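Taken together, the values in this text are just the output of simple stated rules run on the coordinates, not laboratory data. Computed from a predicted structure; not experimentally measured. Note: ideal-geometry Cβ built from the backbone for every residue, glycine included; neighbour counts use all protein chains shown.
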Amino acid sequence: MSLLNILHYPDPRLRTKAKPVTQFGPELKQFGDDLLETMYAAPGIGLAATQVNVHQRIIAVDVSENRDEPYLLVNPELTLTGEQLESEEGCLSVPGIYEPVKRFEQIEVTAQDPMGNPMSFTANGLLAVCIQHECDHLDGKLFVDYLSSLKRTRIRKKLLKQQKASA
Ligand code: GNR
Ligand code: NI
């Protein structure tokens, strides 16, 4: 097990579109466990491979109170249903920033586990929000992209300033 380094906005590597996973097995399972461990340590409710500079389609999620319901989703595909609801989002790659974002309230998810076994399920509430947020990361998209360009510019400047101060 090992902790992975999380990239911070506006790092251009966060804009990379991840490639579908084709090699399943113990090595991918190990990476998935590192992704979960890094997510729990952060702490966060989700983490996409893109955020740790691995450009393969894999996400870790756990929105449970007791932090004991991990999901590792490989090659996730979403069908968005229901209404759009607004809720406050944050991101481990945009530390300290929380802003409302509109997401679909219910999603159908199909994915594989790290061994390549297919799965499908319906998600709603925070789990649906989180999975949509993570799948955006795999396409190089961040929650700040849903905000006004004025807000995004302010956030970029604030984070760059913090990054310079801590460098
Ligand atoms: O930890 C996280 N919390 C969160 C809260 C509301 C909506 C989305 C999230 S995901 C975030 C972790 C993260 O950045 N995942 O990519
Ligand atoms: Ni995020």
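Remarks
- For the chain, the relative contact order works out to 24 percent when only alpha carbon pairs closer than 8 Å and six or more residues apart are counted.
- Each label was represented as a point 7 Å from its Cα along the Cα-to-Cβ direction; for Leu3 and Asn66 these points are 2.6 nm apart.
- Distance between the 7 Å Cα→Cβ label points at Ser87 and His55: 3.1 nm.
- Links that overshoot a 31 Å alpha carbon limit, given the list Lys17/Lys161; Lys141/Lys161; Lys29/Lys161; Lys17/Lys157: Lys29/Lys161
- Dimensions of the chain based on its C-alpha atoms, expressed as ranges along the principal axes with the largest first, amount to 44, 38, 31 Å.
- Taking Cα centre as origin and charging only the Cβ of basic (Lys, Arg, +1) and acidic (Asp, Glu, -1) residues, the dipole magnitude of the chain rounds to 1200 debye.
- The length gained on full extension between Ala167 and Asp33, counted as 0.36 nm times the residue separation minus their Cα-Cα distance, comes to 45.3 nm.
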